[in-house]
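Everything below concerns the one structure shown next.
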Amino acid sequence: MKTTDVAVVGGGLGGLAVAALLARGGRRVVLFEKARHLGGRAHTTHHEGYHFNLGPHALYLAGAAARVLGRLGLELKGRGPRGEGGFALRGGRLHTLPSGLVSLLTTDLLSTMGKLEFARVMANLMRVDASTLKGMSVEEWLRANVSREEVREPVAMLFRVATYCADLALMGADAAVAQQQAALAQGVRYLDGGWVELVRGLSAIADAAGVERVLSARVEEVTRDEAGGRPRVRGVRLADGTEWAAEAVVLAAGPQDVAALLPGDEVAAGWAAKAVPVKAASLEVGLSRLPRPGALTAFGVDRPWYASVHSAWARVAPEGGALVHVAKYLGERDAVASEPELEDVLELLQPGWRQHVVTRRFLPGLTVMHALPTKAEGLQGRPRPVVEHLQGLGLVGDWVGPEGMLVDASISSAEAVARAWLGSREGARAA
Ligand SMILES: Cc1cc2nc3c(=O)[nH]c(=O)nc-3n(C[C@H](O)[C@H](O)[C@H](O)COP(=O)(O)OP(=O)(O)OC[C@H]3O[C@@H](n4cnc5c(N)ncnc54)[C@H](O)[C@@H]3O)c2cc1C
């Protein structure tokens, strides 16, 4: 049997981050990834010179991922939109997106009274202590804080864009308001070369710290025994029968994977049973040129749509070409999306785009986030990164821990596991 200090299951950004942090803190770490490549949902593929992420990906600059990756020395190259070329899509028409004073004054999306209320609501939203909103849904927050329907819709649109979630009656206002505040405070960045650059950068840091990685290695079970009547981890068993003994195991995968890796564990089965995944449909299009160079983003006000020319801010297309991500946030009401539906959204932003297509891809049902922070549970109700009922088990993912959504939750939970398991001296060296 092979041995290590820590076995990390999952080679997405969360698994890579926890592996790098623990190895920099002096632990022997082996990382297992079932796919042939690292990256998980942060994978980017190359199509005729266009860099396609798995759907539109933006890094929130005020979030945990930017904080931890920056501390690890990772350069995050690229830029993000600040409202320029932005539109709100309502009733099949484009309206100027109210993203600043001038655009708010000039847009025909809102009446004069609506503009005043929109400005007031957005200012209040930035001031509220999000942690006091536990137990309230986003929809309830909107009803309590916005009196006009014409204002409620665009504010709801901003929540959808920041969280990727269309189920505003289910999503907790604590998580959504914190996410919106982060998005508005420092904005987002689209990354040069796509998110695979984060994967490359983080795996180089993990390699330098001595992390051993094993690809095409599906872990089948976390082996366990008992010490003093308390269950604890013993290591992992791979699908090919290989066993690794480890003092600690980090599961950096989704709740269904985690439950399958821990057969008979009722707590893990409970995490899987209550997880409501956040899904999206995505159309990626590489164009030889943009028909309307000044029209760069469109967010649906009355429908859960998103379109953005990521190549306007990041190097993700060949010189002169353009890469556009179009998406639909799927929820209970809008559970499916068809390719023609997303094509129609792109036609509104970039009329005549079909004549310039070089390459394209439609993905109808991506899992954006493994579990929505719900109204009932909120951020505080998510499983803790350091598991209590099974000694030596850590959890990392976008469904874990009390901080952030999306990749910020994955990286924040990675940081929390490393902090808890490393002494303060080793922890300081790791970060
Ligand atoms: C369409 C879309 C848009 C998104 N947009 C954004 C965005 O704008 N901003 C943002 O912050 N986030 C965004 N995200 C979310 C972000 O991609 C994820 O939160 C992040 O990549 C999750 O990383 P992770 O390591 O936690 O999980 P994953 O990337 O899912 O990695 C888990 C890994 O575990 C492996 N694995 C699972 N089970 C096993 C096993 N038994 N043995 C071995 N390996 C196993 C899997 O193969 C996978 O590689 C988006 C996601 C999607 C799909």
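The values are calculated or read from the model by the stated rules, or taken from the named source; none is laboratory data. Treat the numbers as computed from the prediction; the structure is a model and nothing was measured. Glycine also receives a Cβ, built like all others from the backbone with ideal geometry; neighbour counts cover every protein chain displayed. Heads up: the accessible areas ignore ligands, DNA and RNA and are worked out on the full protein's heavy atoms, side chains in. Shrake-Rupley method; radii C 1.70, N 1.55, O 1.52, S 1.80 Å.
Tabulated data
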read-out	value
Filter result for ALA88 (part of a strand (DSSP E or B) and within 24 Å of the chain's Cα centre (by Cα))	yes
Boolean, ALA17 is within 10 Å of the ligand (Cβ to nearest atom), modelled with pLDDT of 95 or more and either under 26 Å from GLN256 (Cβ atoms) or open to solvent by 10 Å² or more (accessible area, probe 1.4 Å) (or both)	yes
Filter result (surrounded by fewer than 24 Cβ atoms within 10 Å (Cβ to Cβ) and closer than 24 Å to GLU75 by Cα) within region 150-179	ALA162
All positions within region 206-226 that are within 17 Å of THR3 (Cβ to Cβ), more than 14 Å from the ligand (Cβ to nearest atom) and either part of a strand (DSSP E or B) or out of contact with any helix residue (DSSP H, G or I) (no Cβ under 7 Å at 6 or more places or on another chain) (or both)	GLU212, ARG224, ASP225
Candidates LEU366, LEU406, LEU372, filtered to the one that is open to solvent by 30 Å² or more (accessible area, probe 1.4 Å) and under 24 Å from LEU61 (Cα atoms)	LEU366
Condition met for ALA175 (within 22 Å of the chain's Cα centre (by Cα), outside the structural domain of TYR306 (by TED's automatic domain parsing), hydrophobic (A, V, I, L, M, F, W, C) and over 24 Å from GLU347 (Cα atoms))	yes
Enumerated strands (runs of 3 or more DSSP E) restricted to region 260-352, each holding at least 1 residues that are surrounded by fewer than 16 Cβ atoms within 10 Å (Cβ to Cβ) and within 14 Å of the ligand (Cβ to nearest atom)	none
Every residue from region 383-398 that is open to solvent by less than 20 Å² (accessible area, probe 1.4 Å), of a type outside the set (Gly, Ala, Ser) and over 20 Å from ALA183 (Cβ atoms)	PRO383, PRO385, VAL387, LEU390, LEU393, LEU395, VAL396
Number of the condition not met by LEU94 [criteria: (1) more than 16 Å from the ligand (Cβ to nearest atom); (2) part of a strand (DSSP E or B); (3) buried (at least 23 other Cβ atoms within 10 Å of the Cβ)]	(3)
Pick from region 27-44, criterion in a strand (DSSP E or B), more than 6 Å from the ligand (Cβ to nearest atom) and over 18 Å from the mean Cα position of the chain (by Cα), ranking: surrounded by the fewest Cβ atoms within 10 Å (Cβ to Cβ)	VAL30
The one condition in (1) crowded, with 24+ Cβ neighbours inside 10 Å; (2) under 18 Å from LEU251 (Cβ atoms) that HIS51 fails to fulfil	(2)
GLY194, sole failed condition from (1) assigned to a helix (DSSP H, G or I); (2) within 14 Å of the ligand (Cβ to nearest atom)	(1)
Within region 206-229, tally of residues that are in contact (Cβ under 8 Å) with a residue 40 or more places away in the chain, of a type outside the set (S, T, N, Q) and open to solvent by less than 80 Å² (accessible area, probe 1.4 Å)	13
Residue check, ALA245 in contact (Cβ under 8 Å) with a residue 12 or more places away in the chain, under 30 Å from ARG82 (Cα atoms) and open to solvent by less than 60 Å² (accessible area, probe 1.4 Å)	no
